[in-house]
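Worksheet: the structure to be examined is printed underneath.
The values are calculated or read from the model by the stated rules, or taken from the named source; none is laboratory data. What you see is a predicted model; the values in this text were computed from it and never measured. Note: ideal-geometry Cβ built from the backbone for every residue, glycine included; neighbour counts use all protein chains shown.
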Amino acid sequence: MAWRIGVDIGGTFTDVALIDDVTGRIGVAKAPTTPRDFAQGVLTALDAAMRRYEVPAGDVGLLAHATTIVTNALLEEKGARAAMVATRGFRDVLELRRSARADLYDLFQDAPSTLIPRRRRFEIAERIGADGKVVVQLNDSDIDELIASLKAARPEAIAVSLLFSFINPEHEKRLGERLRAAFPKAPVYLSSEVLPEIREFERASTTAVCAYVGPILASYLARLEGATSKLGLPRLYVMGSNGGVFEAAEGIAMPAMAVESGPAAGVVAAALAARQTGRMNFLSFDMGGTTAKASLIRDGQYETTPEYEVGGGSNANRWMNGTGHPIRVPVIDLAEVSAGGGSIAWVDRAGALRVGPRSAGAEPGPVCYHRGGTEPTVTDCNLLLGYLDKGSLLGGDLQIDFEAAGQAVRDKLGAPLGIDARSAAAGVIDVVNHAMAEALKIVSVQRGHDPRDFTIAAFGGAGPLHAAALADELGVAEVVCPPIPGAFSALGLVGSDLKRDYVRTVYATTDTADPDMLESAFAALEAEGAAMLDRAGVKAERRRFERTVEARYQRQSYELSVPVVPGAITGATVAEIADGFHQKHRQTYGHDNHAEPVQIVNLRVAAIGVIPPLTIRQEPAAPGSDPNKTRRTVWFRATGAVEAAVLDRARMPAESSIEGPAVIESLESTILVPPGWRARMNEDGFVVLSRAEGRTIG
């Protein structure tokens, strides 16, 4: 069982990364993404990878997958026919929402459409009080009437979110038993199982999201697992938004965990690279076919946030609230913009050059792919500027139509703007670079960090092409391009631990909290995690549990996460929690208040099944190898058209270097080295870009 395989679905290509645990050998394969049936693209890419590297199915010990099926269903509003049950008088909580707005000054802004329409939202007479006591009993006759109404609605999934069920789930569990018996083919999601946590709207929204996407995810994973098991491959793991993988069955039980599956894998891989290279502070920059993602890694660790919105405009503007459907699951903190290689460039009615948010995607793709695309994209513009090979990409597997790309840029951009095709292409690159630099500022400057203290880790099929320009704009001195950058997110899949988070609301102030009560609550969450690890067959020596509390000052409305030191909870532990919260509040907001009581709101446990450590290494070429392929004309705004060396990355020996301008090509990605920059190959196969001696930042 020597091989680990990770499969990542992108907007244009489906990537497969393989690593041999015995030799450390890394392999990569790509196949076009198949939007009509994502599983087909996954199987095609898997077959290509296993054939290319001669990997028998029986030698695969880990198969992990990052899927966009959940996010796409929400973005495209093509989820299941879901119904929802709420406490009488509260059926409209999904539409009442919060008062947050993406644009304070847009008086005509519409909220995202409701996932479950009012005609399929039902009420039932029952009430649990804020103290957990029953105020209004749940009657069997009312349940019978509800079941009859639900049957008339023909739901494919049912969400149940009753008031204060996170404190006392008695009514939800009783109702869930009846509904599961009456609707054996429709999954029933109870908020007390999905998210036993305070905040009615977020709890209802998360449960509704699970019901909306659950049947689609279950069908997809069942088909994919069936196909991979027939091939003799091991059980399928799915990447979670928290940076860990989980079994497919766990994802079906909690589909919201699979939101942002692919971007999370890339950040995990970047964190591994940060620790391996000794550059512990990274700005992770992942540019693929449809989007560019940015995240911050500090001291070798990425950060997660429990506040996340999906759908609406939120995926293009992650940092805005009120644009999507909130889900309360831990998500790696990142910013995402609609700026990828397939992003379409266009001229608006005012004569301004725009890029995105529309993308050519996998079908038809950029014009130069010659698959029916007619709109100029970022990839087409990179091609015209000489950054990409005019003849083919993917090691010759993808033939390129240079003339068609040039014609599209001339007709759709140059003519309306009154400029030549090359100037139009350069303008597109300027626009898209600025948008991506803003995303990097979101996760650095707007989080209180100076980007000049970080190194950019550039990956994705297009990331290394744009990274040096972004570094210039941000004042960053160094860029690291890891091995197999075009499939780096897939590599992160095989370096992720098995992980699932559990939460429970517990109200207590640190000056009055009962340590035994807190220990009992943490132990109950750890028991849930242990059961999950039992189902996954994780041995005791590979298990780890991480505890955190979410706390606030008593008169505040929102919480900060504070880690809890390992060991049983004692009075001293509670005091450390209070001290940790004061420190976190001071770091976050610039002040604290020791006179204000600290209120513990939620307890969280991350149950982790540790996998063997992964070393990211691709053997450089033998000493004395000649990496030079050819020379070609490339264009930069600072210098105009210049001759640049074109190198084969696979033939670069360790410690070899090249002064810009240069282009370094590999199977799945291209690195652009502008004038004034130098590229060096290190002993692990990372290409490090740095400014040439004497060149200042800016």
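For this structure, a couple of remarks:
- Yes/no for residue 413 being outside any loop (DSSP other than H, G, I, E, B) and either under 30 Å from the mean Cα position of the chain (by Cα) or over 22 Å from residue 372 (Cα atoms) (or both): no
- Residues that are among the polar types (S, T, N, Q), modelled with pLDDT of 90 or more and in a strand (DSSP E or B) occur at least once in the stretch 531-553.
- Search result, residues across the stretch 611-627 that are modelled with pLDDT of 90 or more and either assigned by TED's automatic domain parsing to the domain that holds residue 540 or buried (at least 20 other Cβ atoms within 10 Å of the Cβ) (or both): 620, 627
- Conditions (1) surrounded by fewer than 20 Cβ atoms within 10 Å (Cβ to Cβ); (2) within 25 Å of residue 271 (Cβ to Cβ); (3) at pLDDT below 95; number of the one not met by residue 680: (3)
- Scanning the stretch 128-175 for residues that are part of a strand (DSSP E or B) and aromatic (Phe, Trp, Tyr) gives no hits.
Residue by residue, here is whether (1) hydroxyl-bearing (Ser, Thr, Tyr); (2) in contact with a Lys or Arg (Cβ under 7 Å, 6 or more places away or on another chain); (3) at negative phi holds:
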{"position": "114", "(1), (2), (3)": "yes, no, yes"}
{"position": "130", "(1), (2), (3)": "no, no, yes"}
{"position": "134", "(1), (2), (3)": "no, no, yes"}
{"position": "139", "(1), (2), (3)": "no, no, yes"}
{"position": "158", "(1), (2), (3)": "no, no, yes"}
{"position": "161", "(1), (2), (3)": "yes, yes, yes"}
{"position": "165", "(1), (2), (3)": "yes, no, yes"}
{"position": "170", "(1), (2), (3)": "no, no, yes"}
{"position": "178", "(1), (2), (3)": "no, no, yes"}
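Okay, residues lined up against (1) closer than 26 Å to residue 250 by Cβ; (2) at pLDDT below 85; (3) in the same structural domain as residue 369 (by TED's automatic domain parsing); (4) buried (at least 21 other Cβ atoms within 10 Å of the Cβ):
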{"position": "18", "(1), (2), (3), (4)": "yes, no, no, yes"}
{"position": "44", "(1), (2), (3), (4)": "no, no, no, no"}
{"position": "52", "(1), (2), (3), (4)": "no, no, no, no"}
{"position": "55", "(1), (2), (3), (4)": "no, no, no, no"}
{"position": "97", "(1), (2), (3), (4)": "no, yes, no, no"}
{"position": "103", "(1), (2), (3), (4)": "no, yes, no, no"}
{"position": "109", "(1), (2), (3), (4)": "no, yes, no, no"}
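- Positions within the stretch 398-425 being in contact (Cβ under 8 Å) with a residue 60 or more places away in the chain and surrounded by fewer than 18 Cβ atoms within 10 Å (Cβ to Cβ), in sequence order: 416, 417
- Residue match in the stretch 202-218 (condition: touching a residue at least 12 places away in the same chain (Cβ under 8 Å) and within 20 Å of residue 439 (Cβ to Cβ)): no
- In the set (1) closer than 20 Å to residue 287 by Cα; (2) at pLDDT 95 or above; (3) out of contact with any Asp or Glu (no Cβ under 7 Å at 6 or more places or on another chain), residue 652 fails one condition alone, (1).
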